[in-house]
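The values are calculated or read from the model by the stated rules, or taken from the named source; none is laboratory data. It should be emphasised that the depicted structure is a prediction, and the values quoted were computed from it without experimental measurement. Virtual Cβ from ideal backbone geometry, glycine too; neighbours counted across all protein chains shown.
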Amino acid sequence: MRFNKTNKDVTRKMEWFKRNPQFLDGYAKTPCFIKSDNGFWRPSRCGYTDRLENAGVYTLMEAYNATCHSGPEKQVRFIFPSRNTVDSLTKSLIIKLNEIQKLIEL
């Protein structure tokens, strides 16, 4: 699985992949977030959120297959998170898990 190794998130419109399908195979398993006009897609395509930490993580191929039927009016784009974003989301998740553990121990 490839990751974005830059310090900035990389965003590509789904329409870009329609015009450049040769990139789908090489990056098919790359993790990304899906964002559309309704917000970030939650895990398992179960609704939308405006918070990245609540968004689902999809492979590029999953994201493309789930959205390729959409027209440009939906503004579908795939966000490949930077290492900084991954680190930030990881810290946020650890804090949440610690809070849950404290509640369980009560």
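Restricting attention to region 80-95, which residues are assigned to a helix (DSSP H, G or I) and either of a type in the set (Val, Ile, Thr) or within 20 Å of Trp41 (Cβ to Cβ) (or both)? Listed by number, the residues that qualify are Thr85, Val86, Ser88, Leu89, Thr90, Ser92, Leu93, Ile94, Ile95. Cβ separations smaller than 7 Å between residues 6+ apart or across chains give the following pairs from region 81-106 residues that are more than 12 Å from Leu52 (Cα to Cα) to residues that are surrounded by 10 or more Cβ atoms within 10 Å (Cβ to Cβ) and of a type in the set (S, T, N, Q): Ser82/Asn4; Ser82/Thr6. Among residues of region 1-44 being modelled with pLDDT under 90 and of a type in the set (D, E, K, R), the one that is farthest from Thr85 (Cα to Cα) is Asp25. Only residues that are more than 18 Å from Gly71 (Cβ to Cβ), part of a helix (DSSP H, G or I) and touching a helix residue (DSSP H, G or I) at 6+ places or on another chain (Cβ under 8 Å) were counted across region 13-29, and they come to 2. Condition test on Thr85, is it touching a Leu at 6+ places or on another chain (Cβ under 8 Å), of a type in the set (S, T, N, Q) and surrounded by 14 or more Cβ atoms within 10 Å (Cβ to Cβ)? Criteria met by Thr85. When region 71-100 is limited to residues that are over 12 Å from the mean Cα position of the chain (by Cα) and among the basic types (Lys, Arg), the one that is nearest to Lys18 (Cα to Cα) turns out to be Lys74.
Checking region 90-105 against the condition returns no match, with no residue being within 25 Å of Ala28 (Cα to Cα), of a type in the set (Gly, Ala, Ser) and at pLDDT below 95. Selection within region 25-58: residues that are in contact (Cβ under 8 Å) with a residue 40 or more places away in the chain and either closer than 17 Å to Glu15 by Cα or not polar (S, T, N, Q) (or both). The member of this set that is surrounded by the fewest Cβ atoms within 10 Å (Cβ to Cβ) is Glu53.
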